[in-house]
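Trainee: I'd like to ask you about the structure that follows.
The values are calculated or read from the model by the stated rules, or taken from the named source; none is laboratory data. All figures in this text were calculated on a predicted structure; none of them were measured in a lab. A quick note on method: Cβ atoms are made from the backbone with ideal geometry, for glycine too, and the neighbour counts reach across all protein chains shown. Note: accessible area is taken over every heavy atom of the protein model, side chains too, but ligands, DNA and RNA are not part of it. Shrake-Rupley method; radii C 1.70, N 1.55, O 1.52, S 1.80 Å.
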Amino acid sequence: MHLVTGTKTVLCLVAMFTFPLSAYAIPAITCHCFTDRSYDAAHPAAADAYFLATTQNSFFAIVFKTDKKSIVMKKQQGTSPDDLWVAYWVASKAGKTPDSLLQAKSKSDSWKNTVVPLNLPPKSLGARFSNTLNANALTDQLSEAVVDELFLKEQLLSERDLSDMRKAGANNQELIIATVIATKTKQSAKQLYLEVKAGTKTWGSLLSWTKIDTKNMQQEVTNILKLHSQ
């Protein structure tokens, strides 16, 4: 099914008056708003921010077996995507809830000081994540380590290809969407990423070309994970 090219609908996911801020949310609500949600050939990059966000949210929801809407809601309430990656990863290893870890992190000055007292084996957290944590890295570096751990665990990319993507500058959103499209088309994820960065392609044009409908992105991701597990 092709991505629909049609009237741009202004939709905003910020529920400023509907959902109260949680105890661990930052003061300002993060606007998770997207004016464009469908591919328009006349403006091929207009909806790219939405495609990047919804693909990441779909992947996140599946690998952590959680509801996509709850992830979006947490972002609306001010929790950063980087903190979510770390909280859900550690929670899955520690038998804790992500919310309890986010609350603990809000009372600490770093994720290292939040995670170390849990006394989790480095092997459980993964070598990449443990090494990054021990280096007292910033949250965005920790979140990249989480996604790297997941990619290697699910065999979505080889260690070399994953390293090449990171060295090329791909962030979590770009890594995930490029890999989804690459798996579907049997193309190189790095090549697709470089084409978008060079401006010769957009994520929207690539999704349209591969006939990936973002409304069914969770199913697309599920199929890709099943494919790589075979």
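Trainee: Report, by residue number, each residue of region 119-142 that is closer than 13 Å to residue 90 by Cα, in contact with a helix residue (DSSP H, G or I) (Cβ under 6 Å, 6 or more places away or on another chain) and exposed (fewer than 15 other Cβ atoms within 10 Å of the Cβ).
Mentor: Once the filter is applied, which keeps residues that are closer than 13 Å to residue 90 by Cα, in contact with a helix residue (DSSP H, G or I) (Cβ under 6 Å, 6 or more places away or on another chain) and exposed (fewer than 15 other Cβ atoms within 10 Å of the Cβ), region 119-142 yields 122, 124.
Trainee: What pairs come up if the first residue lies in region 108-123 and is under 13 Å from residue 135 (Cβ atoms), the second is at pLDDT below 95, and their beta carbons are under 7 Å apart, counting only those six or more places apart or on different chains?
Mentor: Filtered contacts from region 108-123: 110/136; 112/136.
Trainee: Regarding residue 149, is this residue touching a helix residue (DSSP H, G or I) at 6+ places or on another chain (Cβ under 6 Å) and open to solvent by 20 Å² or more (accessible area, probe 1.4 Å)?
Mentor: Working: touching a helix residue (DSSP H, G or I) at 6+ places or on another chain (Cβ under 6 Å): yes; open to solvent by 20 Å² or more (accessible area, probe 1.4 Å): yes.
Yes: the conditions hold for residue 149.
Trainee: Specify which of the listed residues (72, 116) is open to solvent by less than 70 Å² (accessible area, probe 1.4 Å) and part of a helix (DSSP H, G or I).
Mentor: On the way: 116 fails: open to solvent by less than 70 Å² (accessible area, probe 1.4 Å).
Step by step, each of 72, 116 is checked, and only 72 is open to solvent by less than 70 Å² (accessible area, probe 1.4 Å) and part of a helix (DSSP H, G or I).
Trainee: Those residues that are in contact (Cβ under 8 Å) with a residue 24 or more places away in the chain, buried (at least 16 other Cβ atoms within 10 Å of the Cβ) and over 13 Å from the mean Cα position of the chain (by Cα), I need them from region 169-182; list them, please.
Mentor: Of everything in region 169-182, just one residue is in contact (Cβ under 8 Å) with a residue 24 or more places away in the chain, buried (at least 16 other Cβ atoms within 10 Å of the Cβ) and over 13 Å from the mean Cα position of the chain (by Cα), namely 181.
Trainee: Another one. Restricted to region 183-230, and to residues that are of a type in the set (Lys, Arg) and assigned to a helix (DSSP H, G or I), which residue is most open to solvent (accessible area, probe 1.4 Å)?
Mentor: To start, the set of residues in region 183-230 that are of a type in the set (Lys, Arg) comprises 184, 186, 190, 197, 201, 211, 215, 226.
Still in the list and also assigned to a helix (DSSP H, G or I): 184, 190, 197, 215, 226.
On the way: 184: 97, 190: 79, 197: 111, 215: 164, 226: 119 Å².
My answer is 215.
Trainee: Please list, ordered by first then second residue, the pairs with beta carbon atoms under 7 Å, 6 or more apart or interchain, first in region 95-106 and in contact (Cβ under 8 Å) with a residue 40 or more places away in the chain, second open to solvent by less than 80 Å² (accessible area, probe 1.4 Å) and charged (D, E, K, R).
Mentor: Qualifying pairs under 7 Å: 102/83; 105/83.
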